[in-house]
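Got a structure for you, questions after.
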Amino acid sequence: MTETATRNTELRRMLTDRRREMQNDVHSRIREGRSDRPQGGSDDLEHSDADIQDGIEFSLLQMRAETLTRINEALVRLDAGKYGSCFECDGEIAERRLRALPFAVRCQACEQRREQEHGRTLAPRRAGASLFPMSPASARR
C-alpha cells in the first residue's frame with residue numbers, strides 16, 4: 001500500500017470513528033431529552049430553569065449535527081480524492097492539522113488569513129484550529 005493510501009485509510013477510520021461517536025451522542029441526547037420531560041405541575045422558576053437547560057441542550061445538538069455534516073463532507077472529499085486540499089489555495093493541508101481537525105477545509109495559513117479578514121483574533125497557537133471552518137458550500141447558504 002502506498003503512503004497516500006495508508007494515510008487515507010487511517011484518516012477514513014478516524015473520520016468514521018468520530019462520526020459514529022457523534023451519531024451515538026446525538027441519538028442519546030435526543031432520547032434523554034424526550035424522557036427528561038417533567039410530568040406534572042411545577043412552579044415558574046422550575047419552568048424557567050428547564051427552558052434554559054433545553055436551550056443549552058438544543059444548541060449542543062445543533063453543534064454536533066453541524067460537526068456530523070462536516071465529517072460527512074470530509075468523507076465525500078476523501079472518496080473524490082480531494083481530501084486534504086485547501087479550498088483557498090489548493091495546497092496540501094498538513095497531516096498534523098488533519099489529525100487534530102479531520103474535517104478542516106483550509107490550510108493553516110489560509111485559515112489564519114480568513115480569520116483576520118473576518119476580524120477574528122485567536123491566540124497564535126490556536127489560530128488554525130477553527131472548530132467550524134466555513135466550506136464553500138456552507139458559505140453560499
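Quick one: in the range 1-23, of everything that is in contact (Cβ under 8 Å) with a residue 40 or more places away in the chain and not charged (D, E, K, R), which residue is surrounded by the fewest Cβ atoms within 10 Å (Cβ to Cβ)?
T16
Using beta carbons and a limit of 6 Å, which pairs, at least six apart or on different chains, have the first residue in the range 51-71 and touching a residue at least 60 places away in the same chain (Cβ under 8 Å) and the second one open to solvent by less than 50 Å² (accessible area, probe 1.4 Å)?
From the range 51-71, the pairs are T67/M22; R70/F103.
Criterion first (at pLDDT 85 or above, under 13 Å from the mean Cα position of the chain (by Cα) and farther than 28 Å from T4 by Cα) does R64 satisfy it?
yes
Inside the range 69-93, can you point out the residues that are open to solvent by 60 Å² or more (accessible area, probe 1.4 Å) and among the aliphatic types (A, V, I, L, M)?
V76, A80
The values are calculated or read from the model by the stated rules, or taken from the named source; none is laboratory data. Here the structure is a predicted model, which means the values were calculated and not measured. Ideal geometry is used to build each Cβ from the backbone, glycine not excepted, and the neighbour counts take in all protein chains shown. Note: accessible area is taken over every heavy atom of the protein model, side chains too, but ligands, DNA and RNA are not part of it. Shrake-Rupley method; radii C 1.70, N 1.55, O 1.52, S 1.80 Å.
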